[in-house]
Amino acid sequence: MNQPILPGRDHRTMPHSASVTWTFDRSAVLEQLDNDDELLADVVAQFLDDAPAALDAIHAAVQAGDGEALAEAAHALKGAAGYLGADVLCRAAARLETLGRAGRTDEAVDAHREFTRIARHVIEQIRLATARCA
């Protein structure tokens with residue numbers, strides 16, 4: 001049974017088959033940035049430039065069982081996603097960060113799969129939304 005990921009839902013109880021329904025709300029993010037279109041373009045560009053390396057760092061940390069590196073990389077991506085209103089990605093990154101800090105890297109393998117699926121969706125949604133505005 002597919003369930004959308006909704007704000008306020010406890011990500012630990014969501015099934016892995018949950019569909020990701022998040023869409024980029026350009027207006028809301030722009031409002032948080034004092035309606036500065038140039039700043040929004042910079043924030044989006046920085047996120048899209050940095051996201052692949054962040055995903056690679058998270059993947060490498062999970063594969064290596066390196067909780068500290070996992071926590072650091074997930075924390076950084078969580079902050080970047082927060083600027084863009086990507087709460088669903090923030091929650092997924094927070095889960096990895098928590099597991100990394102607790103040294104529970106064995107549990108991070110499954111969480112990483114879900115995180116990757118969410119991250120890909122968010123990145124694609126941001127790309128699509130910003131391409132329409134270009």
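Derivation of every value follows stated rules applied to the coordinates shown; laboratory data play no part. The shown structure was predicted, so the numbers you read here are calculated from the model rather than taken from an experiment.
Seen against the Cα atoms of the chain and their longest principal axis, helix 105-133 is set at about 10 degrees. Would you please state the base-10 log of I(q)/I(0) at q = 0.17, 0.22 1/Å for the chain, with intensities from the Debye formula using one equal scatterer on every alpha carbon? With no solvent term, the Cα-only Debye profile gives -0.87, -1.29.
The angle separating the long axis of helix 87-101 from the principal Cα axis of greatest extent in the chain is about 30 degrees.
Relative to the longest principal axis of the Cα atoms of the chain, the long axis of helix 37-64 makes an angle of roughly 10 degrees.
Note on the chain: helix-only mean residue ellipticity at 222 nm, from DSSP H runs of 4+ residues weighted -39500 (n - 2.57) and normalised by residue number, equals -24500 deg cm²/dmol.
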